[in-house]
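Asker: Before we start, here is the structure in question, set down as structure tokens.
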Amino acid sequence: MHPMLNIAVRAARNAGKVILRACEDLSKIEAQQKGSNDFVTNIDKDAEAIIRDTILKAFPNHSLVGEELGVIEGTDADYQWVIDPLDGTTNFIKGIPHFAVSIALKVKGRVDQAVIYDPIRSELFTASRGQGAQLNNTRIRVTKSNDIAGSVLATGFPFKQKHHLDAYTEAFKALFIHTADIRRAGSPALDMAYVAAGRIDGFFELGLKPWNTAAGELLVKEAGGMVMDFAGGAGYNHSGNVICGSPKLCQLVVKEIRPVLTESLLC
């Protein structure tokens with residue numbers, strides 16, 4: 001295992017222990033609303049602090065950007081860690097056992113190492129650039145699905161951007177009539193990990209943040225898939241609008257949804 005990936009795994013597992021302890025008594029979770037339909041808990045912050053401390057102990061000069069604790073500017077600007085300590089916070093608050101720790105390392109702006117860790121199921125998804133993707137040390141691949149017909153897709157509702165609901169609903173309908181089914185599970189990091197593992201054929205969601213997608217991006221690509229925005233380009237980190245799956249499936253999804261989307265979602 002790459003030494004930097006090894007540190008990411010250690011940080012994810014340390015955060016997972018914090019999260020699992022909290023799951024034993026949900027009454028101790030302190031939740032606050034930090035935005036419209038957007039929540040944070042004391043556990044998110046504790047888990048991110050553990051991740052931050054684990055990484056900086058090994059690499060004190062690196063930069064970090066986390067969902068909860070913001071940016072730490074290191075002296076070596078080439079290395080930036082992108083952290084979501086608890087992707088699926090609403091599930092966690094409600095006691096729904098579907099959430100994950102997501103950690104990615106960018107080297108000179110490109111994602112180089114990735115970990116998505118599901119502490120409930122003890123599932124560790126990892127990837128190093130050019131080395132493939134693994135689930136618990138077993139190689140994983142995206143499905144060979146080259147048609148929307150019969151596929152199973154995952155999505156996320158635009159709960160933070162409800163002004164896009166009409167356009168999203170039209171996109172959902174355009175795809176749903178062709179698919180076997182569409183899932184909405186509440187953790188985009190795990191959705192992307194499941195695409196990489198071939199559990200679902202593809203995933204689409206709008207308005208995501210870099211910490212939601214950075215690790216999943218590398219996992220999908222290293223598993224033979226593609227990540228693109230709603231226009232079929234590479235602007236997903238800017239727009240937050242993400243499609244992933246096999247290359248052919250992604251292109252077909254774009255073809256179906258582009259005619260029903262507003263111009264703002266295609267930028």
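Asker: Would you list which lysines come within 24 Å of Lys160, measuring only between C-alpha atoms, while excluding same-chain residues fewer than 8 positions from it?
Answerer: The qualifying lysines are Lys34, Lys45, Lys94, Lys173, Lys209.
Asker: Round to a whole angstrom and tell me the spacing of the C-alpha centers of region 72-121 and region 157-176.
Answerer: One Cα centre to the other: 26 Å.
Asker: Using a 7 Å offset from the Cα along the Cα-to-Cβ direction at both Ser27 and Thr75, what is the distance between the two label points in nm, to one decimal?
Answerer: 4.9 nm
Asker: Could you check the spin-label model distance between Asn42 and His238? Points 7 Å from the Cα along Cα→Cβ, value in nm.
Answerer: The answer from the label model is 4.2 nm.
Asker: Let me ask you something else. In region 152-265, carbon and sulfur make up what percent of the accessible area (probe 1.4 Å)?
Answerer: 54 percent
Asker: Could you give the Stokes-Einstein D for the chain in µm² per second, using the C-alpha Kirkwood radius, 20 °C, 1.002 mPa s?
Answerer: 116 µm²/s
Asker: State in Å² the accessible area per residue of the chain; use a 1.4 Å probe, count heavy atoms of protein chains only, and round to the nearest integer.
Answerer: Counting only protein heavy atoms, the per-residue value for the chain is 44 Å².
Asker: Related question: Among Leu265, Ser187, Gln161, whose Cα lies farthest out toward the positive end of the dipole of region 152-265, if unit charges sit on the beta carbon of Lys, Arg (+1) and Asp, Glu (-1)?
Answerer: The Cα lying farthest towards the positive end belongs to Ser187.
Asker: Please give the direction-averaged projected area of the C-alpha convex hull for region 151-191, in square nanometres with one decimal.
Answerer: About 3.0 nm², averaged over all directions.
Asker: Which far-off residues, 5 or more places away or on another chain, put their amide H under 5 Å from the one on Ala154, with H placed in the peptide plane?
Answerer: HN-HN under 5 Å from Ala154: Arg183, Gly202, Phe203, Phe204.
Asker: Restricting to Cα atoms and excluding each atom paired with itself, what does the Kirkwood estimate give for region 20-162 in Å?
Answerer: 17.1 Å
Asker: Give the shape of region 152-265 as rounded, prolate or oblate, defined through the alpha-carbon gyration tensor: a ≥ b ≥ c are the square roots of its eigenvalues, a/c under 1.5 means rounded, and otherwise the shape is prolate if a/b is larger than b/c and oblate if not.
Answerer: rounded
The values are calculated or read from the model by the stated rules, or taken from the named source; none is laboratory data. Please read all numbers here as calculations on a predicted model, not as lab measurements. Virtual Cβ from ideal backbone geometry, glycine too; neighbours counted across all protein chains shown. Heads up: the accessible areas ignore ligands, DNA and RNA and are worked out on the full protein's heavy atoms, side chains in. Shrake-Rupley method; radii C 1.70, N 1.55, O 1.52, S 1.80 Å.
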